[in-house]
Structure formats: C-alpha cells, structure tokens
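Report on one structure; see the data block that follows.
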Amino acid sequence: MTILIKRAYEPFAPSDGFRILVDRLWPRGVSKHLAHIDLWLKDVAPSTPLRKWFNHDPLKWIEFRDHYFLELRHNTEAVEQLVGHVRHDVVVTLVYGAKDMEHNHAVVLKEYLENMK
C-alpha cells in the first residue's frame, strides 16, 4: 500500500492508482473528465472555519496541523471510508488543489494515515 499526494493541476498518470479528491471544493479550472478522480471525499477535508483561518499561511502551519489532526480524530466516518480505500488499493493518490505543495492539508492527511498503520 502506497499513499501519494498530487495537485489536481498536475497531469493524471496511470501510476496514481486510485485517485481521491480530498478538497471540500472542486479545484477551479479543472475539468472533471481530465481530473480522473475516482472518489471525491469532501468530508475528510478540513472544516471551512479551519481552512479559512489557515489560509495557507506557513506561519500557522504547526497549529493548523494540530487542529486538523484533532478534526480527523473526531471525523471517524470519513476517515474510515478513506482508510478502507488505502487498505484495499495498492496505490492511493490524495488529490488537492492548493498551490503550496509543502503546507497543505493533503500533506497532513497523508501523515495521519501513515501513522495509523
């Protein structure tokens, strides 16, 4: 089992495996056909208040990570659905729309999932 992360604006590749969009909002300008999304799991994304507070500010990164981990611990239904795919599929790619490739919720979500193993 491998968990990858990839921006929605990067081209689809067969090596992506099962692609799960983990954003609450569909990425702007991305065609649903070309995105090759197998599952859109909105409920695993950070809450709207947390997302707006963070606003992709690297200075808030550590605090955002901690708050998002807490949300994930309380969001058992969505997390279990995601875990089911991670355990079932050989490769799962978490697809996100943020510009910052280091400070985004998909990075935190991947870390959370890997710590569950």
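What follows draws every value from the coordinates through simple rules; no lab data is involved. In this text, all values refer to a predicted model and were calculated from it rather than measured experimentally. Backbone-built Cβ (ideal geometry, glycine too); neighbour counts: all protein chains shown.
Rounded to whole Hz and in sequence order, give me ³J(HN,Hα) for the range 23-30 from the Karplus expression 6.51 cos²θ - 1.76 cosθ + 1.60, θ = phi - 60°, writing x for Gly and Pro.
Each residue's phi maps through the Karplus curve to give 9, 6, 10, 5, x, 4, x, 9 Hz.
Can you give the extra length, in nm with one decimal, that the chain gains between Ala13 and Asp38 once fully stretched, where that is 0.36 nm per residue apart less the Cα-Cα distance?
Stretched fully, the Ala13-Asp38 segment lengthens by 7.7 nm.
Select from the range 43-117 those GluC sites (Glu not before Pro) which occupy a DSSP coil region and have at most 10 other Cβ atoms within 10 Å, ordered by residue number.
Sparse-neighbourhood loop GluC sites (Glu not before Pro): Glu102.
On a straight-distance basis, which lysines could pair with Lys32 in a cross-link, Cα separation under 26 angstrom, same-chain partners fewer than 8 positions away excluded?
Lys6, Lys42, Lys52, Lys99, Lys110
Counting chymotrypsin sites (Phe, Trp or Tyr not before Pro) as exposed when in a DSSP loop with at most 15 other beta carbons within 10 Å, what is the longest stretch of the chain free of them?
Of all site-free stretches, the longest is 13-117.
Looking at the chain as a GNM with Cα springs under 10 Å, which of Val86, Val95, Val22 has the largest mean-square fluctuation?
Result for the chain, Cα springs under 10 Å: Val86 fluctuates most.
Output the relative contact order of the range 1-111, whole-number percent, from Cα pairs under 8 angstrom with separation of 6+ residues.
That works out to 47 percent.
What nm value, rounded to one decimal, do you get for the distance between His56 and Thr76 when each label is placed 7 Å out toward the C-beta?
Here the answer is 3.5 nm between the modelled labels.
Using Cα springs under 10 Å in a Gaussian network model of the chain, which residue among Leu72, Leu41, Leu50 shows the largest mean-square fluctuation?
Leu50
Once you've got the GNM for the chain with C-alpha springs shorter than 10 Å, pick whichever of Arg28, Arg19, Arg87 has the biggest mean-square fluctuation.
Among Arg28, Arg19, Arg87, the largest mean-square fluctuation in the Gaussian network model of the chain belongs to Arg28.
With mean projected area of the Cα convex hull in nm² defined as stated, name the option among [x] 6.1; [y] 9.0; [z] 6.7 computed from the structure displayed.
Of the listed options [x] 6.1; [y] 9.0; [z] 6.7, [z] comes from this structure.
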